[in-house]
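The values are calculated or read from the model by the stated rules, or taken from the named source; none is laboratory data. Since this is a predicted model, take the numbers as computed values, not measurements. Neighbour counts run over all protein chains shown; Cβ positions are idealised from the backbone, glycine included.
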Amino acid sequence: MIIILLSVLCFLLLCKPPAPEKVEKVKIGLLPDSISALLYIAQQQGMFNRHGLDVEFENYQAGAYAMNDLLADKIDIATAIEFVLVLQGFKREDLRAIGTISSSDSLEMVAKRDRGIEKPEDLKGKIVGSSKGTATDFFLSSFLSFHNIHPEEVRTVDVKPAEVLTALSEGKIDAAVSFSPYLGAIKKKLSGEILSWPAQGGRDFYYLLITREDLVKSRPRVITGLLKAVLEAETFLKKNEGEAQGIVMSILGVDQEALTNTWSKTRFRVRLDQDLVTLMEDEGRWAIRNKLVDAEKIPDYSTFLHLEGLRKIKPEAVGAN
């Protein structure tokens, strides 16, 4: 009998499952919009959990504000358009983009008809709102240049993304560069009162996962788990687009029409492309010319890309366009 009990005990000890790996808590700052779709899908489908992550989302009006909290050590990962990293790169050398989760051509110039604006050239002499430190600055400049409007021919004022609708409604500004989800609210509230035009000239911005170098080095499991989860979400979206849209609509509380406006202009891909570096270089030179930064030359933006993490998991997603 004793022999039998000892045998059973040994069997249980030998067959005891290994202790689960430590679950990493991660706080991600994001824009509550469909360009964050891969993150929402990864969370809703349990993909973060499968890769050892306990993820919490924190909403921000724009990536620039998420970046501020990343630098203040209030969040672990900031999602932001590459322009935010471009500007911070002049001051910080320890920031790292670990991958894109989408790219989009969805910024628009919106303008009030009752201010005598019927075409882009009518913006001369008008007050135009733009959110300082965000990509709206860069694309506003590009939009004006494309329509042969000198920057000094418009008066630009700093308006936070969520305050553009109020500023337009109250007549504080005549026009503004805006983006989803605020753009949808503007068009709905001021339907018939405004005109709008694409603001990016067909050139995508990139929506990045950005962190600090110390996190990359000290918590590599977070980087690996995060990238694996969003890559799974990318595959899920491609195979189940209708279901993916349903997940995003449910989380954001928007209808199909509101979602489609941005979704149709967005590409959901986890990559680190050469085009990203090229765009960052163009934006960096623009920032110097327009005295947004006190510098004579741009940083080497390739050093801000953490290629190793994505290359180990999906090599073909690194370097190609």
For this session: Could you tell me which of the residues Ala97, Ala162 is touching a strand residue (DSSP E or B) at 6+ places or on another chain (Cβ under 8 Å) and not acidic (Asp, Glu)?
Result: Ala97
Exercise. When the stretch 121-141 is examined, which residues are found to be more than 10 Å from Thr156 (Cα to Cα), assigned to a helix (DSSP H, G or I) and within 27 Å of the chain's Cα centre (by Cα)?
Worked result: Ala135, Thr136, Phe138, Phe139, Ser141
Exercise. What do you reckon, is Ile98 buried (at least 24 other Cβ atoms within 10 Å of the Cβ), touching a Gly at 6+ places or on another chain (Cβ under 6 Å) and outside any loop (DSSP other than H, G, I, E, B)?
Worked result: yes
Seminar exercise, completed: Checked the stretch 65-81 for anything crowded, with 18+ Cβ neighbours inside 10 Å and either of a type in the set (D, E, K, R) or in contact with a Lys or Arg (Cβ under 8 Å, 6 or more places away or on another chain) (or both); matches are Leu70, Ile75, Asp76, Ile77
For this session: May I ask you to list the residues in the stretch 27-53 that are part of a helix (DSSP H, G or I) and basic (Lys, Arg)?
Result: Arg50
Exercise. Counting residues that are more than 19 Å from the chain's Cα centre (by Cα) and at pLDDT 95 or above, which helices (runs of 4 or more DSSP H) fully inside the stretch 207-312 reach at least 3?
Worked result: 213-218, 220-239, 241-252
Exercise. Would you say Phe90 is assigned to a loop (DSSP other than H, G, I, E, B), touching a helix residue (DSSP H, G or I) at 6+ places or on another chain (Cβ under 8 Å) and modelled with pLDDT of 95 or more?
Worked result: yes
Seminar exercise, completed: The lone condition Leu168 fails out of (1) part of a strand (DSSP E or B); (2) surrounded by 24 or more Cβ atoms within 10 Å (Cβ to Cβ); (3) not hydroxyl-bearing (Ser, Thr, Tyr) is (1)
For this session: Go over the candidates Gly192, Gly184 one by one and state the one that is part of a helix (DSSP H, G or I), under 30 Å from Leu123 (Cβ atoms) and in the same structural domain as Val157 (by TED's automatic domain parsing).
Result: Gly184
